[in-house]
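Report on the following structure.
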């Protein structure tokens, strides 16, 4: 099962600057070979369900290992069985209605 | 790794009444033996990370099998390594400050 | 326009224990006279759109005033124009399918 | 109070293709003069709290007017009082740790 996800990992109790933790999660996604795209409030991810979920778990493990005792994550998960759709397809579909 | 989660599964394209799909997800969580609590905009879940994630995947599979071609899910995931905390502990902690 | 909302306010950089801030938000909702119900990963709220949104803004103002320099909030917003539905209606609708 | 937001509007019961509704929301944000950036699972928005919230309400009104009887929206809201930060600043901050 393929999934389009949106991941926002928030380490708590480590100060107000958390970009180093987000950067570590970007590395996890890259190492996993997953298509991903960083935006200003999370990261779009495209891939096989199990591979994406393994990467999300790895993000929590790495961010805890960096010293964050508590993490709260928001994850959106989109699946569809009618047709295949990529991250770019979703954006293109909206943009085509704006022209 | 233990996780406190909040799951909100939204089947798309099956009409405005989706309670039968949410009820199916409740059954999945019960069958998995996970502590869970339904509220008006999702379900709190407490358990081992892998068991919770397996249940979330099963929810998508079941809801697709019921006829929903597309699903979008919001999932919150809270982990902490400083101490153990249950669903009820979280609620009690807030309520104790309201007395 | 009536809304059913789910609010989860996360103060950042104030340590891993945030229940005092969540409790303050509960007080804001109570003062606003909004029907609300605390769960383990947020608070369900029912009310007029503008009243709910004014309360959410007030939560941010109060939590900043308590010393949190940064806040990230997850808010779900459900509106429907086909029929009226309360927080309890939503829960009852799912539970009726579980009997 | 300035806010960085992430908006994902999901019309329910109108089929599995919802890009026309998302496109309408993009128009609302553009008409409101708000800085915004579409990604594959929502739209980043930057602006004054009240202006952003007025636009979100307008999105619900427009999508209902287009024929969607039910809408469920996920909204993230980030505020900080320690310093000013733009959508691009957030992305740049993470990317600088990846070089």
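Quick note: the coordinates plus some simple rules give every number you see, no bench work behind them. For clarity, every value in this text was computed on a predicted model and none was experimentally measured. Positions of Cβ are backbone-derived with ideal geometry, glycine not excepted, and every protein chain shown enters the neighbour counts.
Remind me, relative contact order of chain B in percent, using alpha carbon pairs under 8 angstrom and six or more residues apart? Write out the running numbers ahead of the final one.
Working: 130 pairs, mean separation 42.3, N = 99.
Once divided by the residue count of chain B, the mean separation gives 43 percent.
Result for chain D in a Gaussian network model with C-alpha springs under 10 Å: among D:63, D:16, D:52, the largest mean-square fluctuation is at D:16. Label point of residue D:30 (7 Å along Cα→beta-carbon): distances to the other copies' equivalent points are 3.4, 4.7, 4.9 nm, sorted ascending. Sorted ascending by nearby beta carbons within 10 Å, beginning with the fewest, B:8, C:59 become B:8, C:59. For the residues D:56, D:22, D:14, a GNM of chain D with alpha-carbon springs under 10 Å puts the largest fluctuation on D:14.
Residues C:90, D:2 in ascending order of nearby Cβ atoms (within 10 Å, fewest first): D:2, C:90. Got a sec? Which residues in the stretch C:54-97 would a label at residue C:27 touch, if it sits 7 Å along Cα→Cβ and we count backbone N under 11 Å? Inside the label zone: C:62-63, C:66.
I need the calculated FRET efficiency for the pair residue A:16 and residue B:83, taking r as the beta carbon distance and R₀ as 22 Å, to the nearest 0.05. Walk me through the numbers on the way to the answer.
Values: r = 23 Å, r/R0 = 1.05.
For residue A:16 and residue B:83, the calculated efficiency is 0.45.
For residue D:66, inter-copy separations between label points set 7 Å beyond Cα along the Cβ vector come to 2.6, 3.7, 3.8 nm, shortest first. Sorted shortest first, the distances from the residue D:95 label point to those of the same residue in the other copies are 1.6, 4.8, 5.1 nm; each point sits 7 Å from Cα along Cα-to-Cβ. Prolate is the label for the stretch C:2-96, because the ratio a/c of its alpha-carbon gyration tensor axes (a ≥ b ≥ c) is 1.5 or higher and a/b is greater than b/c. Which residue fluctuates most in the GNM of chain D (Cα springs below 10 Å): D:71, D:81, D:45? The residue with the greatest mean-square fluctuation here is D:81. Chain D comes nearest to the axis taking it onto chain A at the Cβ of one residue; that residue and its distance, in whole Å, are D:39, 2.
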